[in-house]
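The values are calculated or read from the model by the stated rules, or taken from the named source; none is laboratory data. Computed from a predicted structure; not experimentally measured. Here the Cβ positions follow ideal geometry from the backbone for every residue, glycine too, while neighbour counts run over all protein chains shown.
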Amino acid sequence: MAATITRRWSRLSVLILATISAALLFGLFRVVLHRTVARQLQETAQTIPGCTGIRYARLTIPTFTLQAKIEEAALLFADTAQEIQLQTVHIRRFRPGDRLPQALDAAIDGFQIDRHQPLLAHLRQALHDLGYQKLTGDLQIRLERRGDDKTEWEIDLALRIVDAGTVALSTRLNKINADGVAMALDNPLNWLIVLPPVEWVQGKLTYGDDGLFDRILFDAARKRGRPPQQIREALLQDLQMRLQTEKEPGVQAVWQSLITFCRQPGRITLQTRLPQPRPLGQLVWVRQPRDVIRRLAIESTVD
């Protein structure tokens, strides 16, 4: 009897020890995972020009997942007045890479950017003219780099701006140099070197208006001292003239879609139908809109 009790106690002790060890290892794994994610967040934030890091109130990583939820966050800059507020960030997938992530699937709910933020420097005057003191909205981004050399990129962006509209962009590009992109983010002049050899495989752009088109009309009317309806009519006349002088059906269809959208702004989609990838360098010197439509084989629809 004593031997039986001893054997049972020994087995129970082993089980208890194994359970405690597993709990300690899991706890250690969670700590390491949190620290790794936190470090990757800082490194990724610092790839944004001028950004010194990210601050947040809470970082939550659900059990047995590599996902993360960041609450009450802010992208930091040297000037505290330039901080970009982020209400909630959901990271559904993240694979680190050299200089830039190999894969990223994230959603930002409730961002807020003042128009004086340096990242908006090129848009500052336009935002002022259109009456936007700050931009608020939501952003979804998905990036995946494929292939042995990770030069084929698939990018999906969905951006909603309050009192403006929603833009959804989906594109596939090839022959992208990640190091070159990282350098171009630091110095925009490097885009002149990085972009020409990149191949455009396919792309789709959808815009749903929520007040931006009317703001543009009113601003143009104010600057010209004319009623907004006259500005709309002048734009429609220009598009009608382009439609009437165009002989290629594909280009005609795009002009007709733009006419429909200008009459009643809603949702418009532009999509490329390229038979084979086209280097962006071939588009550098294209100036006429009809030539862009032709070279990218753009199709359009209006809802």
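If I filter segment 115-132 for residues that are within 17 Å of the chain's Cα centre (by Cα), closer than 21 Å to Leu157 by Cα, in the same structural domain as Leu189 (by TED's automatic domain parsing) and buried (at least 16 other Cβ atoms within 10 Å of the Cβ), do I get at least one hit?
yes
How about segment 268-303: which of its residues are of a type outside the set (Val, Ile, Thr) and assigned to a loop (DSSP other than H, G, I, E, B)?
Across segment 268-303, the qualifying residues are Arg273, Leu274, Pro275, Gln276, Pro277, Trp285, Arg287, Gln288, Leu296, Ala297, Asp303.
From the list Asp98, Asp105, exactly one residue is part of a strand (DSSP E or B) and closer than 30 Å to Thr60 by Cβ. Which is it?
That would be Asp105, the only listed residue that is part of a strand (DSSP E or B) and closer than 30 Å to Thr60 by Cβ.
Of all residues in segment 150-203, which are more than 19 Å from Thr269 (Cα to Cα), touching a strand residue (DSSP E or B) at 6+ places or on another chain (Cβ under 7 Å), of a type outside the set (A, V, I, L, M) and surrounded by 15 or more Cβ atoms within 10 Å (Cβ to Cβ)?
Those that are more than 19 Å from Thr269 (Cα to Cα), touching a strand residue (DSSP E or B) at 6+ places or on another chain (Cβ under 7 Å), of a type outside the set (A, V, I, L, M) and surrounded by 15 or more Cβ atoms within 10 Å (Cβ to Cβ): Thr151, Glu152, Trp153, Asn174, Lys175, Glu199.
So which strands (runs of 3 or more DSSP E) stay within segment 111-229 end to end and still have 1 or more residues that are closer than 25 Å to Arg295 by Cα?
152-161, 165-174, 199-209
Within segment 157-165, identify whether any single residue is in contact (Cβ under 8 Å) with a residue 12 or more places away in the chain, within 25 Å of Arg146 (Cβ to Cβ), in the same structural domain as Asp105 (by TED's automatic domain parsing) and in contact with a Pro (Cβ under 6 Å, 6 or more places away or on another chain), and answer yes or no.
Scanning segment 157-165 turns up no residue that is in contact (Cβ under 8 Å) with a residue 12 or more places away in the chain, within 25 Å of Arg146 (Cβ to Cβ), in the same structural domain as Asp105 (by TED's automatic domain parsing) and in contact with a Pro (Cβ under 6 Å, 6 or more places away or on another chain).
Could you grab me the full set of residues in segment 275-301 that are in contact (Cβ under 8 Å) with a residue 40 or more places away in the chain, surrounded by 15 or more Cβ atoms within 10 Å (Cβ to Cβ) and more than 23 Å from the chain's Cα centre (by Cα)?
Answer for segment 275-301, where residues must be in contact (Cβ under 8 Å) with a residue 40 or more places away in the chain, surrounded by 15 or more Cβ atoms within 10 Å (Cβ to Cβ) and more than 23 Å from the chain's Cα centre (by Cα): Arg290, Ile293, Arg294.
Do any residues in segment 237-253 that are over 12 Å from Arg290 (Cα atoms) have Cβ atoms under 8 Å from those of residues that are assigned to a helix (DSSP H, G or I) and modelled with pLDDT of 90 or more, where the two are at least six apart or on different chains, and which pairs are they?
Gln240/Ile259
Would it be correct to say that Asp98 is of a type in the set (D, E, K, R) and at pLDDT below 90?
It is true that Asp98 is of a type in the set (D, E, K, R) and at pLDDT below 90.
Within segment 239-267, which residues are surrounded by fewer than 14 Cβ atoms within 10 Å (Cβ to Cβ), out of contact with any helix residue (DSSP H, G or I) (no Cβ under 8 Å at 6 or more places or on another chain) and in a helix (DSSP H, G or I)?
Correct list: Met241, Gln244, Thr245, Pro249.
Could you tell me how many of the residues in segment 47-71 are within 20 Å of the chain's Cα centre (by Cα) and under 20 Å from Asp109 (Cα atoms)?
9
List pairs: first residue in segment 99-122 and more than 17 Å from Gln46 (Cβ to Cβ) and among the charged types (D, E, K, R), second residue in a strand (DSSP E or B) and at pLDDT below 90 anywhere in the structure, Cβ distance under 7 angstrom, at least six positions apart or on different chains.
The qualifying pairs are Asp105/Arg92; Asp105/Arg93.
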